[in-house]
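The values are calculated or read from the model by the stated rules, or taken from the named source; none is laboratory data. Worth saying up front: this structure is predicted, and the values here are computed from it rather than measured. Reconstructed Cβ throughout: ideal geometry from the backbone, glycine too, with neighbour counts over all protein chains shown.
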Amino acid sequence: MNKVLSDQFLFVEFNQWSDFVVVPFLLAFIAQLVYYLGVFSRFAFTKTNDNINEDYKPVSVIICAKNERDNLLNFLPEFLAQDYPVFEVIVVNDNSVDDTIDVLKAYSLQYPNLKIVNTPDNDRFYGSKKFALTLGIKAAQYENILLTDADCKPVSSSWIKTMSNYTEEKEIVLGFGAYQKLPGLLNKLIRFETLFTAIQYFSLALCKMPYMGVGRNLGYKKELFFKVKGFSKHQHILSGDDDLFVNEVANKTNTVIVFSKESHTLSLPKTSFSAWIKQKKRHLSTGKLYKFKHKVVLGLYPLTLLMFMCCFAVLIITQTSLYLILALLLIRYIIQMLTFKFSIDKLEGKDLLVLTPFFELFYLFFQPILIISNFVKKNSKWS
């Protein structure tokens, strides 16, 4: 029995083909450790930046709305009633056919800081959120801009205070946009992806490599937007008003992250798999346009994870170095759980911690299917 145990703890003897699988397994394990200990831990173990910038410079909040009557009724007052000295809320009515404009006109009588912008009936730009957003930014009277969506609400009255973390050097503010917790597996999948995406873009920003932000909670300076001619470089892409723009203009010195509880926004998630898949496909269509270095860093993580899991399966089936591979799997699991535990404490989703490894594997195999399907059928409008 002792000899059997000792044989399992031998490194590799290369007596059979399966022994060679241990090498890529070890390389993938090391790569995963680099990501968790060298990248994701940056956000997991950083201190919550709950200091509020007390300069209180005027802010323009911009929201694009396309047939958002109900959401504007429910959420818009929470933006209009923020605890902030001087700010305006600009809602761009993008050719809505419901009662959106009536709701906006009614609120404008109650809130003098609400400005309404209507997109012209132009076939060239019909269905383009980037066009609507550009009109909103042009209409902004203040230099500091905050962006969110019509189906979002701020979690506190200090949202503008916490997100207005601009300085002379910091031109871009990356925030966290959570999704509302609802019953069901789909809701957990959506919230897990949102959480993991936030961990990635916050961590890489802390590594001086900011690569994206989310339009549900994002800020940048008006001057920066027009300096790069807005969305001109990717106007033809349906998505990307948030991540592609940040990918283009963010650098290691001009970007700051904000993740204190008061800075979060909360959105309504999709409630059907078909609507969620449509949204996912639209979001995934922008990744191919990221800078090369970002594509490499983001792509190596799932690639090495896939290699790690495939090699693990082969080594289990062939019963090769069982104790070694089980020990390394356990080490990775512990590090992953600790990283997510400390990250979740800063964000939202404590109920997702135990399910993290399963959701990660689901997305590992599911996202490539959606990426491939994007080559078959492409969306042409935002909604």
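Taking the conditions (1) over 16 Å from the mean Cα position of the chain (by Cα); (2) closer than 21 Å to Thr134 by Cβ; (3) not aromatic (Phe, Trp, Tyr) in turn, Val296 satisfies each one other than (2). Condition check: over 25 Å from the mean Cα position of the chain (by Cα) and part of a helix (DSSP H, G or I). Does Leu329 satisfy that? Yes, satisfied. Candidates in segment 338-348 are the residues that are closer than 10 Å to Ala198 by Cβ and not aliphatic (A, V, I, L, M); of these, the one that is modelled with the lowest pLDDT is Glu348. The set of residues in segment 78-97 being free of Cβ contacts under 8 Å to residues at least 60 places away in the same chain and touching a strand residue (DSSP E or B) at 6+ places or on another chain (Cβ under 9 Å) consists of Leu80, Val86, Glu88, Val89, Ile90, Val91, Val92, Asn93, Asp94, Asn95, Ser96.
Of all the residues that make up segment 304-322, how many are surrounded by 14 or more Cβ atoms within 10 Å (Cβ to Cβ) and in a helix (DSSP H, G or I)?
We begin by selecting, within segment 304-322, every residue surrounded by 14 or more Cβ atoms within 10 Å (Cβ to Cβ); these are 304-312, 314-315, 318, 320-322.
Now narrow it down to the ones that are in a helix (DSSP H, G or I): 304-312, 314-315, 318, 322.
Residues flagged as surrounded by 14 or more Cβ atoms within 10 Å (Cβ to Cβ) and in a helix (DSSP H, G or I) within segment 304-322 amount to 13.
Give Leu182, Leu204 a once-over and let me know the one that is among the aliphatic types (A, V, I, L, M), modelled with pLDDT of 95 or more and either in a loop (DSSP other than H, G, I, E, B) or crowded, with 16+ Cβ neighbours inside 10 Å (or both). Don't jump to the end; show me each part of the working.
Numbers: Leu182 fails: modelled with pLDDT of 95 or more.
So the residue among Leu182, Leu204 that is among the aliphatic types (A, V, I, L, M), modelled with pLDDT of 95 or more and either in a loop (DSSP other than H, G, I, E, B) or crowded, with 16+ Cβ neighbours inside 10 Å (or both) is Leu204.
Applying the set (1) out of contact with any strand residue (DSSP E or B) (no Cβ under 6 Å at 6 or more places or on another chain); (2) modelled with pLDDT of 95 or more; (3) crowded, with 18+ Cβ neighbours inside 10 Å to Val22 leaves exactly one unmet item: (2). Condition check for Asn71 on (1) in contact with an Asp or Glu (Cβ under 7 Å, 6 or more places away or on another chain); (2) touching a residue at least 60 places away in the same chain (Cβ under 8 Å); (3) under 25 Å from Thr286 (Cα atoms): one failure, at (3). crowded, with 18+ Cβ neighbours inside 10 Å and either modelled with pLDDT under 95 or in contact with a Ser or Thr (Cβ under 7 Å, 6 or more places away or on another chain) (or both): is that true of Gln32 in this structure? Judged against the criteria, Gln32 is a match.
For segment 29-72, a residue qualifies if it is within 20 Å of Ala132 (Cα to Cα) and of a type outside the set (Asp, Glu), and the qualifying residues are Val59, Ser60, Val61, Ile62, Ile63, Cys64, Ala65, Lys66, Asn67, Arg69, Asn71, Leu72. Taking the criterion of being among the β-branched types (Val, Ile, Thr) and either under 24 Å from the mean Cα position of the chain (by Cα) or not assigned by TED's automatic domain parsing to the domain that holds Thr162 (or both), the residues of segment 73-101 that qualify are Val89, Ile90, Val91, Val92. When we screen Lys288, Lys280 for residues that are outside the structural domain of Ser41 (by TED's automatic domain parsing), under 21 Å from Asp243 (Cα atoms), surrounded by 17 or more Cβ atoms within 10 Å (Cβ to Cβ) and modelled with pLDDT under 95, the only hit is Lys280.
Among the residues making up segment 139-179, those that are in a loop (DSSP other than H, G, I, E, B), over 22 Å from Lys252 (Cβ atoms) and small (Gly, Ala, Ser) are Ala140, Ala150, Ser156, Ser157, Ser158. Exactly one residue out of Lys350, Lys281 is under 16 Å from the mean Cα position of the chain (by Cα) and more than 21 Å from Leu174 (Cα to Cα), and it is Lys281. Every test in (1) of a type in the set (A, V, I, L, M); (2) over 22 Å from the mean Cα position of the chain (by Cα); (3) not assigned by TED's automatic domain parsing to the domain that holds Pro302 is passed by Ala31 save one, and that test is (3). Determine, yes or no, whether Val258 is under 24 Å from the mean Cα position of the chain (by Cα) and either in the same structural domain as Phe20 (by TED's automatic domain parsing) or over 24 Å from His234 (Cα atoms) (or both). Yes: the conditions hold for Val258.
Taking segment 342-355 as the range and being part of a helix (DSSP H, G or I) and either touching a residue at least 40 places away in the same chain (Cβ under 8 Å) or surrounded by 20 or more Cβ atoms within 10 Å (Cβ to Cβ) (or both) as the test, the residues that pass are Phe342, Ser343, Ile344, Lys346, Asp351, Leu352.
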